[in-house]
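A short write-up of the structure that comes next.
Bear in mind that the values in this text are calculations on the coordinates, not laboratory data. Here the structure is a predicted model, which means the values were calculated and not measured. For neighbour counting, all protein chains shown are included, and Cβ atoms are generated from backbone atoms with ideal geometry for every residue, glycine included.
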Amino acid sequence: IVRAETWTLPPLGIDIFGQTRTVRADSSETLLDIARQYDIGQIEILLANPNVDRWLPEDGATVILPSRYIIPQAERKGLVLNLPEMRIYYFPEPKKGEKPTVITHPVGIGRMDWVTPLGISRIIEKKKDPTWIPPKSLQMDRIANGEPPYPSIVPPGPTNPLGRHAMRLSIGSGSYLIHGTIKPFGVGMRVSAGCVRMYPEDIEALFDKVPVGTQVQVVNQPIKLGWLLDSLFIELHPPLEEDESKYTNYQEIVVNAINDFLLLKNSKRNIPVNFEIDQETLKQAIIEKSGIPILISRTQVQMHSQNFNH
């Protein structure tokens, strides 16, 4: 399995890291197999590859690996979870003399009626081979759906839905966890009852690195903007279902977000001369919401060379 790399954290004026790559599909694997192999979530890989069959990719089909990211607008500290992106970022405390780094993994999050709460909390406990006590709300839900209730206690082992590692958050009187899973295909989807679910190999790697007391910020940012030198990139994700009514005019919200972002940038540092937004590229990005950072700005120099090439 190809694991997530640790990237050098870019300096504060730069918001992008990683690189988008492609691989060739083998007819013996599904898109979800490829996603897990490259540490990508299920919806992420589907959005990046709308024309590739999820279950039967053509032999040799090109699969885009969306492994380039705009850092969410949040303090670059501890864990940052962006819900619409279904991805968690970890900014470990750099050791003396080491460059700061960033690690990122896909996650499964709470379903529409079990939302993972926004805000700042911290890790209050870490457990290896945890025991699972199903919350009352989940038991009631199962009974209401005519399903048999869970056992009142599920001991560690192959049937424990928390997998082999769990980290407890301080919010919701400690009822929210970041944990592994025995159903890895649900990573990168809205499947849980509010907990944050990770591939078993990801939580195992993170578990040893994240100390108790680490800050956890949960944000809701379907629209991410970022600078790379003097170029502006946008990364768009479909909003969470319960927010869809707020995003009926997605395009207008994106335009406002860009204007706010540019105002902020201008107050800190000058925007390059003759900077303008490439409207056609932006329109396409809004339609696709591919989750991949897209360059949406150009300067006079770039425009001249484009005209020259036509």
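For this structure, a couple of remarks:
- Gain on full stretching of the segment that runs from residue 242 to residue 139 - 0.36 nm per residue minus C-alpha separation: 34.8 nm
- Label-point separation in nm, residue 276 to residue 159, each point 7 Å along Cα→Cβ: 6.6
- Residue 266/residue 73 FRET efficiency (R0 25 Å; Cβ-Cβ; nearest 0.05): 0.90
- Cβ-based charge dipole, the chain, positive-most Cα from 37, 287, 12: 12
- Shape analysis of segment 26-151 places it in the oblate category; the axes a ≥ b ≥ c from the Cα gyration tensor give an a/c of at least 1.5, with a/b not above b/c.
- Translational diffusion coefficient (Stokes-Einstein; Kirkwood radius from C-alpha pairs) of segment 64-135 at 37 °C, 0.692 mPa s, in µm²/s: 222
- Diffusion coefficient (Stokes-Einstein, Kirkwood radius over C-alpha pairs, 37 °C, 0.692 mPa s) for segment 149-264: 190 µm²/s, rounded to a whole number.
- Taking every DSSP helix (H) stretch of at least 4 residues in the chain, weighting each as -39,500 (n - 2.57) and dividing the sum by the residue count yields a mean residue ellipticity at 222 nm of -7000 deg cm²/dmol.
- Paired Rg and Dmax values of segment 211-259, which use every Cα atom, in angstrom: 14.2, 41
- Hits among aspartates and glutamates - C-alpha to C-alpha of residue 136 under 16 Å, sequence gap 8 or more where chains match: 113, 147
- Global geometry of segment 119-199, whether rounded, prolate or oblate, following the gyration tensor of its Cα atoms and the 1.5 cut on a/c: rounded
- Charge tally in the Cβ shell below 15 Å around residue 148, where Lys, Arg are +1 and Asp, Glu are -1, residue 148 excluded: -1
- Length gained when the stretch residue 101-residue 23 is fully extended (0.36 nm per residue, less Cα-Cα span): 25.5 nm
- For segment 41-49, the Karplus equation 6.51 cos²θ - 1.76 cosθ + 1.60, evaluated at θ = phi - 60°, returns couplings of x, 5, 5, 4, 6, 5, 5, 6, 10 Hz by residue, with Gly and Pro reported as x.
- Considering all different alpha carbon pairs of the chain, the Kirkwood hydrodynamic radius works out to 20.9 Å.
- Reachable aspartates and glutamates from residue 128, criterion Cα separation under 18 angstrom, eight or more residues apart if same chain: 201, 202, 204, 208
- Fully extended contour minus Cα-Cα distance, from residue 7 to residue 33, at 0.36 nm per residue: 7.0 nm
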